[in-house]
């Protein structure tokens, strides 16, 4: 597909990178020539210098033959006007990134289609929602939800004392009976595999599990974690992500403290947030963190713009005894490091944006894609049509690539965590977990 | 400061006051009081016309002049309003006449007359008219009707309207003022009709409706509302609550925004506090005495609590005989008063709420030294200037109340409770106080000097201090650059 990306910032860069790797033709439009030079040297994409709000510039970028326009600059108005300029082009899906809560919240007044926008995405809010879900399932390192939360795909690190450590999958199935929990992937020493019955689980393994929402407490128990009830959370940083999270938490009756280093921003957020204690102070001020009881919090979320500050304050919080520490990390290289030094989970604006956007990229039967920080694997959700070769045969007989697994089946209101003798039916939604090398083969199994 | 421009507008206000004397004159003829009433109206009209004609036509008001117009205008109007009491010979002394007029225009409802039924109907009607005009504000009425006030209208409006400035109902100040008066008029008319249907005479219905919607308190009976039927009393409770509500909310409600009052934070406090006080007073009446919990007792408690809270000052019982707890509750309500933007007086619910929230914020700051604390009202941050104004207002309120108490006490024959509650009842425009000035008593027992002191307190409370204080502040009367 030919894709036009407006905005060569962090989000634009990483979305373009992902799309380019998936063999799409990507053209990036931006006003900053220097940034475009950098991109040309790093990515296999074309660039056009100019404003994304200009029809002429967009046409130069090949808008006429494009199937997708991604307006992802960090200025909402530019993104909206960009989609508006492209309104005349038929058969084009227009995605606008919008961060301003006023634009995003007030859909009564601002209908996306008034601007010719097909999809509004808000990466900052997505990240806040993801953080919220991570906080709620205390031990998880990654989380993706499908079917409105009925199925969750969770990532965990197996602790030393975990009841499942040292057992193979076959043993587990025998001892635990048929529970709606499925181990879909296992990451060990930097490589991800789809496990077989004979695979044994060791402490330190990074597991990806699908489970019905009501089975999550038991899965946590097997993994050696307790499901805990989040009562007090501390957030650092005055970012938009922090604002969204601080708005979300009190709605779930969580006592929230927000620590912001910039006086002006602290004042601004204090005026806009209700039931949140806003503090003015540095996120790495150990004395202040301790005074405000960071050790007694159920969750500590570092959301400042600087990775170093986030990692440092997370370490302070972890050492003081915060139960679950979530760290915002922008630089990809820091993510394994963050895990190595004992931080519980990392979130990344780049990844949130990519997830929010990639969901709309692949045409056909794909409805939702989730990617994970720890590995290159993807979770993809397909609509099953009656032309699929998988329909009507038990899964163990079906010709599914070894590097992939059907993680869940959603049939009407019910959720099936499948075993070998389950079958797919036309009309189902199948959630498939696949390693990168198998993504194309899996996609072919689900013709639209 | 241009005194001539100010006098021009005061002339207009006096002519309006003369026009407002027309309805009582209709009654005056049959009471043999036609001559004194005509003399009164004539004096007022001639002085007004004189000021109006002898001053420049072109009027442009700066903020300072706007405040001076409201302050001096009120003084001129209450003096004109006292003329009927003097010239018809109903008031015993001139200070008593001034007291009665001020009490009327400020919607206090305290009276110097021991037996109301002895007064001529023309005087009774005049008392109710002063209430009604003062309730929504004579200046607001002026802004609504007189286009000549022009750009300065907003200054005048702000100087007279009580409470924290809220949003304008209409883009133009004159249409805002008109909308408020229409809402006020419709509510008054509605209550008068309900009273008629419940069996009041036309004269009583009109007088009580005007008095009630203005949160005044003057009645045509010495016993106030006590001897009317229970249905009338219930209706009065309801309309007192409406009169103590911010008229902006009435306006929005009438415009079809039905949920608007329920979303208003101040309105929820106002009703919540009132309901709480109803419960406490009922409980205290039942537990302290040998009374049984009857519908009559509940109505009596609710009526008098509401009358004090809304600063109306009607009464159906002698609450100076209530248990101490109930009396203290009344004293607290006298201080707090009704909602901002209503016709009621007092410190105002909204200011009380803001002060309490600010205190909670200060406590938070002690617990969390680095906390960024923002005091909010209805989800919106209150600007620091507004907060400072409210705190200064609190200090002024307490200070003036204290000074008033001291001065009244220095005049001799009043006990502590009387001096304290009379000072507060005047400042908050309530009417009846506790002690010797309770609801079955009257202010005729006080000396002429005390009448003047209380008149001053009533005006200060109604105009919320600043408007009057600037009149005596140094610098107010300096000529500014553009003045001729």
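The values are calculated or read from the model by the stated rules, or taken from the named source; none is laboratory data. Small disclaimer: the values here were computed from a predicted structure and weren't measured. Here the Cβ positions follow ideal geometry from the backbone for every residue, glycine too, while neighbour counts run over all protein chains shown.
Residue B:341: part of a loop (DSSP other than H, G, I, E, B), on the phi > 0 side of the Ramachandran plot and modelled with pLDDT of 90 or more, yes or no?
Numbers: part of a loop (DSSP other than H, G, I, E, B): yes; on the phi > 0 side of the Ramachandran plot: yes; modelled with pLDDT of 90 or more: no.
The answer is no for residue B:341.
If I ask for residues that are away from chain A (no Cβ under 14 Å) and over 21 Å from the mean Cα position of the chain (by Cα), which ones from the range B:378-391 would you list?
Across the range B:378-391, the qualifying residues are B:385, B:388, B:391.
With respect to the numbered conditions (1) at pLDDT 95 or above; (2) part of a loop (DSSP other than H, G, I, E, B), which one is the sole condition not fulfilled by residue B:168?
Going through (1) at pLDDT 95 or above; (2) part of a loop (DSSP other than H, G, I, E, B) one by one, residue B:168 breaks only (1).
Answer yes if at least one residue in the range A:305-323 is facing another protein chain (nearest Cβ under 10 Å), touching a residue at least 24 places away in the same chain (Cβ under 8 Å) and buried (at least 21 other Cβ atoms within 10 Å of the Cβ), and no otherwise.
no
Based on this model, can you work out whether residue A:377 counts as modelled with pLDDT under 80, surrounded by 15 or more Cβ atoms within 10 Å (Cβ to Cβ) and within 24 Å of residue A:192 (Cα to Cα)? Please lay out each step first, then the result.
Numbers: modelled with pLDDT under 80: yes; surrounded by 15 or more Cβ atoms within 10 Å (Cβ to Cβ): yes; within 24 Å of residue A:192 (Cα to Cα): yes.
It is true that residue A:377 is modelled with pLDDT under 80, surrounded by 15 or more Cβ atoms within 10 Å (Cβ to Cβ) and within 24 Å of residue A:192 (Cα to Cα).
Kindly indicate whether residue B:194 is touching a helix residue (DSSP H, G or I) at 6+ places or on another chain (Cβ under 7 Å), farther than 30 Å from residue B:220 by Cα and at pLDDT 70 or above.
Working: touching a helix residue (DSSP H, G or I) at 6+ places or on another chain (Cβ under 7 Å): yes; farther than 30 Å from residue B:220 by Cα: no; at pLDDT 70 or above: yes.
No.
Could you list all residues from the range B:184-203 that are within 20 Å of residue B:306 (Cβ to Cβ), more than 16 Å from the chain's Cα centre (by Cα) and in a helix (DSSP H, G or I)? Break it down stepwise before answering.
Taking the range B:184-203 as the starting set, the residues that turn out to be within 20 Å of residue B:306 (Cβ to Cβ) are B:184, B:187-188, B:190-192, B:194-195, B:198, B:200.
Now drop any that are not more than 16 Å from the chain's Cα centre (by Cα), which leaves B:187, B:190-192, B:194-195, B:198, B:200.
Passing the criteria: B:187, B:190, B:191, B:192, B:194, B:195.
Let's see how each residue does on (1) within 25 Å of the chain's Cα centre (by Cα); (2) touching a residue at least 60 places away in the same chain (Cβ under 8 Å):
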{"residue": "B:35", "(1), (2)": "no, no"}
{"residue": "B:51", "(1), (2)": "no, no"}
{"residue": "B:55", "(1), (2)": "no, no"}
{"residue": "B:60", "(1), (2)": "no, yes"}
{"residue": "B:77", "(1), (2)": "yes, yes"}
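On the given criteria, is residue A:299 under 21 Å from residue A:141 (Cα atoms), surrounded by fewer than 23 Cβ atoms within 10 Å (Cβ to Cβ) and more than 14 Å from every other protein chain (Cβ to nearest Cβ)? Let's see the steps before the verdict.
Values: under 21 Å from residue A:141 (Cα atoms): yes; surrounded by fewer than 23 Cβ atoms within 10 Å (Cβ to Cβ): no; more than 14 Å from every other protein chain (Cβ to nearest Cβ): yes.
So residue A:299 fails the test.
Can you pull out every residue in the range A:1-42 that is in contact (Cβ under 8 Å) with a residue 40 or more places away in the chain and farther than 23 Å from residue A:92 by Cβ?
Within the range A:1-42, A:10 is the sole residue that qualifies.
What tally of residues in the range A:233-291 results from selecting those that are assigned to a helix (DSSP H, G or I), surrounded by fewer than 20 Cβ atoms within 10 Å (Cβ to Cβ) and within 11 Å of another protein chain (Cβ to nearest Cβ)? Don't jump to the end; show me each part of the working.
Here is the first cut: in the range A:233-291, the ones assigned to a helix (DSSP H, G or I) are A:240-252, A:263-272, A:286-291.
The next check asks that each one be surrounded by fewer than 20 Cβ atoms within 10 Å (Cβ to Cβ); those that pass are A:248, A:250-252, A:263-265, A:267-268, A:271-272, A:286-288, A:290-291.
From what's left, within 11 Å of another protein chain (Cβ to nearest Cβ): A:263-265, A:267-268, A:271-272, A:287-288, A:291.
Here the count works out to 10.
For the range B:354-377, does any single residue satisfy the condition of being surrounded by 21 or more Cβ atoms within 10 Å (Cβ to Cβ), away from chain A (no Cβ under 14 Å), within 32 Å of the chain's Cα centre (by Cα) and part of a loop (DSSP other than H, G, I, E, B)?
no
Taking interchain pairs and intrachain pairs at least six residues apart, which have beta carbon atoms under 7 angstrom, with the first residue in the range A:123-143 and free of Cβ contacts under 8 Å to residues at least 60 places away in the same chain and the second buried (at least 24 other Cβ atoms within 10 Å of the Cβ) and assigned to a helix (DSSP H, G or I)?
Close Cβ pairs satisfying both conditions: A:143/A:130; A:143/A:134.
Return the only residue of B:428, B:441, B:423 being at negative phi, more than 20 Å from the chain's Cα centre (by Cα) and away from every other protein chain (no Cβ under 14 Å).
Testing whether each residue is at negative phi, more than 20 Å from the chain's Cα centre (by Cα) and away from every other protein chain (no Cβ under 14 Å) leaves just B:441.
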